[in-house]
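Student: I have a structure here, written as structure tokens, and I will follow up with some questions on it.
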Amino acid sequence: MNVGDGAVRRAAALREALNKHNHRYYVLDQPSIPDAEYDQLFRELQALEAQFPALITPDSPTQRVGVAPIAGFEPAQHRVPMLSLNNAFDNDAIVAFDKRVRETLDIAEVDYYCELKFDGLAVNLTYEGGLLLRGATRGDGASGEDVTANLRTIKNIPLRLAAATVPAVLEVRGEVIMFKQDFSDLNRRQREANEKEFVNPRNAAAGALRQLDPRLTASRPLKFFAYGVGDSAGVKLPATHENLLQRLAEFSLPVNSLARVCRGVDAVLKFYRDIGAARETLPYEIDGVVYKVNRLDFQTQLGFVSRAPRFAIAHKFPAEEALTEVLGIDVQVGRTGVLTPVARLKPVFVDNVTVTNATLHNEDEVRRKDVRIGDIVTVRRAGDVIPEVVSVLLERRPPDATEFVMPARCPVCGSHVTRAEGESASRCSGGLICSAQRKQVILHFASRRAMDIEGLGDKIVDQMVDAGLIGTLADIYAVTLEQIANLERMGDKSAANLIDAINTSKHTTLQRFIYALGIRNVGESTARDLARHFGALEALLGADLQALQAVSDVGLVVAQAIVDFLAEPHNRNVIDALRGHGVVWQETEPLVKASAPGKVNGKTFVLTGTLPTLTRDDAKARIEAAGAKVVGSVSKKTDYVVVGEDAGSKLVKANELGITILDEVGLIALLKENEGTEP
Ligand code: IVH
């Protein structure tokens with residue numbers, strides 16, 4: 001079949017439109033048409049090309065992927081060598097650099113073009129007549145590997161330069177990177193597929209670029225930023241680096257928007273600080289900034305030394321990763337009883353501080369990363385983040401490296417360590433007696449919704465525990481006015497108030513008391529259900545797994561947590577001691593039979609957003625009074641989602657799952673209706 005004029009024109013129009021939309025979407029980040037419309041145009045072009053293969057051009061957007069795997073990469077000679085940069089690690093080196101530049105050029109102040117130093121892989125894109133003909137890695141600077149097919153899959157690299165007149169030849173230099181989000185998505189997929197995870201975005205990008213099957217590269221989202229030009233022919237280059245990059249942007253190449261011209265060394269150092277401060281929030285990783293003399297004629301005048309230009313310098317951020325040895329693996333007990341394995345490290349300087357410990361998160365993480373005592377590991381620290389072990393250098397593992405074993409007993413209090421099925425955390429079951437947990441346990445006990453001891457806050461609890469005044473919860477009721485008054489920054493009046501508050505708290509409810517014990521998985525609403533169900537503490541203390549699961553909404557996990565807690569004799573002792581100190585509540589008859597489930601009774605509600613009149617607590621109380629429960633997140637088991645202003649993802653989820661959505665008026669009406677129908 002002959003290709004008609006119409007088809008030729010239509011294919012050209014489709015290519016042009018798709019390339020334009022592609023540029024708006026991937027380079028400018030300003031999509032101009034809906035995805036569905038793009039897909040439709042794309043499919044039309046695909047169909048046309050399938051019918052008339054002669055219509056396929058190398059710059060057709062359909063030609064980014066689809067090439068078959070290759071056996072290996074061909075060498076690719078760069079027309080102009082790819083240089084590297086000299087590195088500077090402190091301000092003094094930058095001041096010295098600026099001085100040299102000014103002296104060589106014999107001028108008072110220099111304009112520098114300041115860019116980000118992307119942490120990826122340098123590549124060289126060769127455009128001839130505006131078409132992307134070849135893409136290569138940096139290699140040794142003189143020649144690299146031909147990775148054209150892989151680079152073509154990168155959506156923000158134009159297959160054709162968008163300009164009426166294009167250079168006969170243009171070598172575009174830039175960096176291929178993987179964005180942080182794409183990196184974590186990729187690692188999630190790797191994890192789910194039981195494949196090895198990548199250490200960092202740079203390694204992931206390198207791996208993707210060196211795939212022999214471009215379809216694999218295409219499945220690993222890479223991005224490109226242009227930062228320079230190598231060879232060029234048939235084009236007059238502008239006078240400054242800034243204008244050169246502008247020109248590249250006009251050709252539809254992606255250039256980074258955070259770069260700017262800075263006059264003089266002070267402005268340059270401010271750029272370094274500004275970018276350093278914003279670094280964590282950037283969607284990609286950078287390892288420093290780069291300063292380039294802006295005027296291209298000055299660049300030529302300055303020239304090169306060996307393989308680095310004299311007109312540019314990289315100002316690196318302090319290293320975030322370093323290698324060191326694992327001297328041991330300790331276990332730390334957090335305030336909530338979670339046991340965290342921590343690698344004790346041979347001290348190493350990372351990101352401006354000496355690191356001696358790095359978290360290993362939990363037992364599974366230790367296994368997954370296969371960290372053993374004696375291993376050489378990569379440690380990472382960024383900003384305020386707790387240092388962590390990134391990976392092990394398996395090739396450097398000594399033969400006597402020993403595996404970590406989670407201890408069976410808490411290293412602080414000696415209680416049993418438990419790990420619930422399906423959970424990653426190992427926990428100390430010592431609860432009330434483990435000193436590591438004591439402070440947190442006391443704060444919870446004293447909190448408003450528990451025993452409500454006003455004035456027993458953070459600082460006082462710290463002091464009281466450190467002074468040895470409180471060992472177990474029961475000791476709260478044994479402290480004397482004098483002991484409290486002797487604490488730092490504690491006046492007689494506040495001491496007396498605290499003693500009053502402690503005494504007042506003795507009159508409580510069973511629900512508050514159960515909640516105050518801080519049993520794992522027993523929150524306020526479970527405490528209420530337990531109190532209602534059993535009516536008296538003795539009944540709860542005597543309940544077994546089965547009896548506990550008879551309580552509404554208590555499943556195996558919660559029941560097991562209660563049984564575990566009560567199985568520890570010291571927890572029982574504390575309960576006895578508290579009652580011995582006069583903590584009392586009104587006991588009631590046990591609930592024999594739950595009322596029949598109705599429209600509200602037994603149902604599950606989720607609240608989201610701000611309601612016009614009811615506070616969240618009010619709404620919750622009313623819903624619970626009607627026999628329903630309020631939970632935090634929307635799932636298939638949710639019956640109603642009550643929405644207020646600024647409702648977020650929960651509303652979206654509710655809509656997705658087709659759950660009944662109520663506003664405040666609807667909620668009140670439902671509750672009213674329910675009152676009328678209750679048996
Ligand atoms: S310019 C003539 N600019 O750093 C100067 N390089 O050691 C040649 N890099 O291999 C490089 N961001 O991978 C330049 N904005 C930037 C850069 C950058 C990252 C990398 C590049 C190069 C290495 C230089």
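The values are calculated or read from the model by the stated rules, or taken from the named source; none is laboratory data. Because the structure is a prediction, the values reported are computed rather than measured. Note that each Cβ is placed from the backbone with ideal geometry, even for glycine, and that neighbours are counted across all protein chains shown. Surface accessibility is based on the protein's heavy atoms, side chains included, excluding ligands, DNA and RNA. Shrake-Rupley method; radii C 1.70, N 1.55, O 1.52, S 1.80 Å.
Student: Here are Ala108, Ala96: which of them is open to solvent by 80 Å² or more (accessible area, probe 1.4 Å) and either more than 16 Å from the ligand (Cβ to nearest atom) or polar (S, T, N, Q) (or both)? So that I can check it myself, show each step before the final result.
Tutor: On the way: Ala96 fails: open to solvent by 80 Å² or more (accessible area, probe 1.4 Å).
Step by step, each of Ala108, Ala96 is checked, and only Ala108 is open to solvent by 80 Å² or more (accessible area, probe 1.4 Å) and either more than 16 Å from the ligand (Cβ to nearest atom) or polar (S, T, N, Q) (or both).
Student: Touching a residue at least 60 places away in the same chain (Cβ under 8 Å) and of a type in the set (Asp, Glu) - does that describe any residue in segment 136-159?
Tutor: Scanning segment 136-159, I find at least one residue that is touching a residue at least 60 places away in the same chain (Cβ under 8 Å) and of a type in the set (Asp, Glu), so the answer is yes.
Student: Being in a helix (DSSP H, G or I), among the polar types (S, T, N, Q) and open to solvent by 60 Å² or more (accessible area, probe 1.4 Å) is the filter here; which residues of segment 251-302 pass it? Step through it out loud before you land on a result.
Tutor: Taking segment 251-302 as the starting set, the residues that turn out to be in a helix (DSSP H, G or I) are 264-281, 296-302.
After this cut, where a residue has to be among the polar types (S, T, N, Q) as well, the list is 281, 299-301.
Listed by number, the residues that qualify are Thr281, Thr300, Gln301.
Student: Now for a separate question. Restricting to segment 177-231, what's the tally of residues that are open to solvent by 30 Å² or more (accessible area, probe 1.4 Å), within 16 Å of the ligand (Cβ to nearest atom) and not acidic (Asp, Glu)?
Tutor: 7
Student: Select from segment 79-93 the residues that are farther than 20 Å from Val172 by Cβ, away from the ligand (no atom under 14 Å from the Cβ) and open to solvent by 40 Å² or more (accessible area, probe 1.4 Å) and list them in ascending order.
Tutor: First pass over segment 79-93, keeping only residues farther than 20 Å from Val172 by Cβ: 86-93.
Okay, now just the ones that are also away from the ligand (no atom under 14 Å from the Cβ), so 90-93.
Within segment 79-93, Asp90, Asn91, Asp92 meet the criteria.
Student: Anything in segment 152-176 that is of a type in the set (Val, Ile, Thr) and open to solvent by 10 Å² or more (accessible area, probe 1.4 Å)? List them, or say none.
Tutor: If the condition is that a residue be of a type in the set (Val, Ile, Thr) and open to solvent by 10 Å² or more (accessible area, probe 1.4 Å), then Thr153, Thr165, Val166, Val169 are the ones that fit.
Student: Related question: Identify the residue in segment 397-434 that is open to solvent by less than 20 Å² (accessible area, probe 1.4 Å) and of a type in the set (S, T, N, Q) and, among all such residues, is nearest to Val563 (Cα to Cα).
Tutor: Filtering first and then ranking leaves Ser415.
Student: Starting from segment 22-49, take each residue that is within 23 Å of Phe224 (Cα to Cα) and list its partners that are surrounded by 11 or more Cβ atoms within 10 Å (Cβ to Cβ) and aromatic (Phe, Trp, Tyr), counting only C-beta distances under 7 angstrom and pairs at least six apart or across chains.
Tutor: Close Cβ pairs (under 7 Å, with a partner that is surrounded by 11 or more Cβ atoms within 10 Å (Cβ to Cβ) and aromatic (Phe, Trp, Tyr)) amount to Pro31/Tyr25.
Student: Out of all the residues in segment 510-530, which are modelled with pLDDT under 95 and open to solvent by 40 Å² or more (accessible area, probe 1.4 Å)?
Tutor: If the condition is that a residue be modelled with pLDDT under 95 and open to solvent by 40 Å² or more (accessible area, probe 1.4 Å), then Gly518, Arg520, Asn521, Glu524 are the ones that fit.
Student: Then there is this: At least 2 residues that are surrounded by fewer than 17 Cβ atoms within 10 Å (Cβ to Cβ) in each: list the strands (runs of 3 or more DSSP E) lying fully within segment 321-391 that qualify. Walk me through how you get there before you give the answer.
Tutor: On the way: elements: 321-333, 338-350, 353-359, 376-380.
Filter on segment 321-391 gives 321-333, 338-350, 353-359.
Student: When you scan segment 129-137, do you find a residue that is on the phi < 0 side of the Ramachandran plot, in contact with a Pro (Cβ under 8 Å, 6 or more places away or on another chain) and part of a helix (DSSP H, G or I), even just one?
Tutor: Taking every residue of segment 129-137 in turn, none turns out to be on the phi < 0 side of the Ramachandran plot, in contact with a Pro (Cβ under 8 Å, 6 or more places away or on another chain) and part of a helix (DSSP H, G or I).
Student: A follow-up question, please. Which members of segment 111-125 meet the condition of being in contact with a Gly (Cβ under 7 Å, 6 or more places away or on another chain) and more than 9 Å from the ligand (Cβ to nearest atom)? Steps first, answer last, please.
Tutor: From segment 111-125, those in contact with a Gly (Cβ under 7 Å, 6 or more places away or on another chain) are 117, 123-125; that's our starting set.
Result: Asn124, Leu125.
Student: Any chance segment 305-318 includes a residue that's away from the ligand (no atom under 14 Å from the Cβ) and either touching a strand residue (DSSP E or B) at 6+ places or on another chain (Cβ under 7 Å) or open to solvent by 10 Å² or more (accessible area, probe 1.4 Å) (or both)?
Tutor: For segment 305-318, residues away from the ligand (no atom under 14 Å from the Cβ) and either touching a strand residue (DSSP E or B) at 6+ places or on another chain (Cβ under 7 Å) or open to solvent by 10 Å² or more (accessible area, probe 1.4 Å) (or both): present.
Student: Given the conditions (1) among the polar types (S, T, N, Q); (2) over 38 Å from the mean Cα position of the chain (by Cα); (3) assigned to a helix (DSSP H, G or I), which single one is not true for Thr57?
Tutor: Status for Thr57: all satisfied but (3).
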